[in-house]
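Nothing in this text is a laboratory measurement; each read-out follows from the coordinates by a stated rule. Nothing here was measured: the structure is a model prediction, and the numbers come from that model. Counting neighbours? That spans all protein chains shown, and the Cβs are built from the backbone with ideal geometry, glycine included.
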Amino acid sequence: MSTKPLRKAVLPVAGLGTRVLPATKAIPKEMLPVFDRPAIQYVVDEALAAGIEHIVFVTGRNKAAIEDYFDRAYELEDTLRLKGKTGLVQELEGDLRPAGSMSFVRQQSPLGLGHAVWCARDLIGDEPFAVMLPDMLMMAKPSCLAQMKEAYDKVGGNIIAVEPTDTPEQYGIIDPESRDGRLLRMKGMVEKPKREQAPSNLFISGRYILQPEIFGLLAYQQAGAGGEIQLTDAMARLMRSQSFHALEYDGRTYDCGDKLGYLRATAAFALAHEELGAMAAETLRAALADEK
Ligand code: UTP
């Protein structure tokens, strides 16, 4: 099984974000701040921490703010310089990625996650790649993708990150064949099973390392659940010919895709903030006390 090095990641950001409307009417969901940074920044940081060299964003209409966010902001930098705020200018410059290390490709219609990933095929080419769902934020050290990459360097093939859940009926759940520590060999996946029929309690948490053969399958993938072209349907087919592992990574997933999940993630990342965490805790406690 291929263990070509993992260098590229696809971040699909073309979804409509309907569950967090009206916030997402004019702003991409991925640009909503999770405490002090846009959600997308956490995911890019996670990719970089795993040694990813090139990030492909699959964008759609109304997502231009994401492209601008990762570009140089000349006017802002000039204004900050004139005001003597050189520290802030340095911070902005430090966040800039090397020219040519990010690409943007459009998904013209939101036909589903599988279709979004397929839109990146020419930019990925014939090498393994990560898919990172930017509305799933992982709190983990080392980062979730770094843990997956370590496993990938040992076993190759395809690897997805999983985490235990009490509510399998809300997620994609894996069907494991065998287990070796945190690494499970997979024999299948079930989308949103009834609790009593769930083959495990491990849900697919939004990070994947996939082999490029997935593109050939996605090209002919029929629409599945919700009338969308589903990545999981193509993965289930790839599993017939390639090895698939699940890594129960050491950390916690925050699903920011709906309003309460977003609130939970914001609180968690505020509490974990290196400088402001203690004050964030005080602020949250005070807010709760006010409610009583
Ligand atoms: P979600 O279903 O969680 O995101 O897709 P969404 O479609 O934006 O959200 P709702 O359901 O309308 O509230 C998971 C990820 O896949 C991307 C989304 O941007 C999100 O990051 N996606 C989904 C695409 O890029 N294209 C699609 O056609 C569908």
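Structure values in brief
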item	result
Degrees, to the nearest 10: 39-49 long Cα axis against longest axis of the chain	70
Highest-MSF residue in the chain out of SER101, SER143, SER243 [GNM, Cα springs under 10 Å]	SER101
Cβ-Cβ FRET estimate between ALA278 and ALA219, R0 fixed at 35 Å, reported to 0.05	0.10
Ranked list, fewest to most other Cβ atoms within 10 Å of each Cβ, for LYS149, LYS25	LYS25, LYS149
Spatial extent of the stretch 1-159: Rg and Dmax, with the Cα atoms as the point set, Å	16.7, 56
Amide H contacts of PHE203 (H built 1.01 Å from N, under 5 Å, at least 5 apart or other chain)	GLU163, THR165
Rounded to whole Hz, the Karplus (6.51, -1.76, 1.60) HN-Hα couplings of the stretch 96-108, x for glycine and proline	5, 8, x, 4, x, 9, 10, 10, 10, 10, 8, 9, 5
Scattering profile of the chain at q = 0.15 Å⁻¹ [log10 I(q)/I(0), Debye over alpha-carbon scatterers]	-1.25
Of GLN242, GLN90, GLN170, the one that fluctuates the most in a GNM where the chain has Cα springs shorter than 10 Å	GLN90
Per-residue [θ]222 nm for the chain (sum of -39500 (n - 2.57) over DSSP H runs n ≥ 4, rounded to 500)	-9500 deg cm²/dmol
Nearest-ten-degree value, helix 86-95 long axis tilted from longest Cα axis of the chain	10
Cross-link pairs beyond the 20 Å C-alpha cut-off, checked among LYS29/LYS83; LYS25/LYS63; LYS29/LYS259; LYS4/LYS149; LYS194/LYS259	LYS29/LYS83; LYS194/LYS259
ARG182/ASP45 FRET efficiency (R0 25 Å; Cβ-Cβ; nearest 0.05)	0.65
Span from the the stretch 53-74 Cα centroid across to the the stretch 117-162 one, whole angstrom	20
Calculated FRET value between ARG195 and ALA64, using beta carbons and R₀ = 45 Å, to 0.05	0.60
Mean Cα-pair separation over length for the stretch 162-239, i.e. relative contact order, pairs under 8 Å, 6 or more apart, %	30
Beta bridges by DSSP in the chain, antiparallel share as percent, to the nearest 5	60
TYR249 long-range amide H proximity, modeled H, under 5 Å	VAL162
Only Lys, Arg (+1) and Asp, Glu (-1) charged, at Cβ; the stretch 80-210 dipole about Cα centre in debye	320
On Cα atoms only, tilt of 144-155 relative to the major axis of the chain in degrees	30
